[in-house]
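Derivation of every value follows stated rules applied to the coordinates shown; laboratory data play no part. All values reported here derive from a predicted model rather than from experimental measurement. A quick note on method: Cβ atoms are made from the backbone with ideal geometry, for glycine too, and the neighbour counts reach across all protein chains shown.
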Amino acid sequence: MFGGADLISLEAPKVEVLNGAYYEKATGLFVTFVLGRRHYEWPAKKCTFDKEWREKTMKERAI
């Protein structure tokens, strides 16, 4: 309206912050993130969690 100033968003772009467990394809590790910071990692081959959880995480939460 006033010279196009209302077209500019004043909010900072939202960046996705990782939280939770993910499967990292490049290393073959399950990794956890807390507030975007790498917290813990363990090999997928030695994972003792349920087989269903492992398969679902490897499929849906791969990074």
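The table below lists the values:
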{"read-out": "Theoretical gain in end-to-end length, ALA62 to THR48 [0.36 nm per residue, Cα-Cα removed]", "value": "3.2 nm"}
{"read-out": "Size of the range 12-60 as Cα extents on the principal axes (Å, biggest first)", "value": "40, 18, 18"}
{"read-out": "Mean Cβ count within 10 Å, highest first, over the residues of peptides 19-27, 55-63", "value": "19-27, 55-63"}
{"read-out": "Two-site FRET efficiency, GLU55 against THR27, from Cβ-Cβ distance with R₀ of 25 Å, rounded to 0.05", "value": "0.90"}
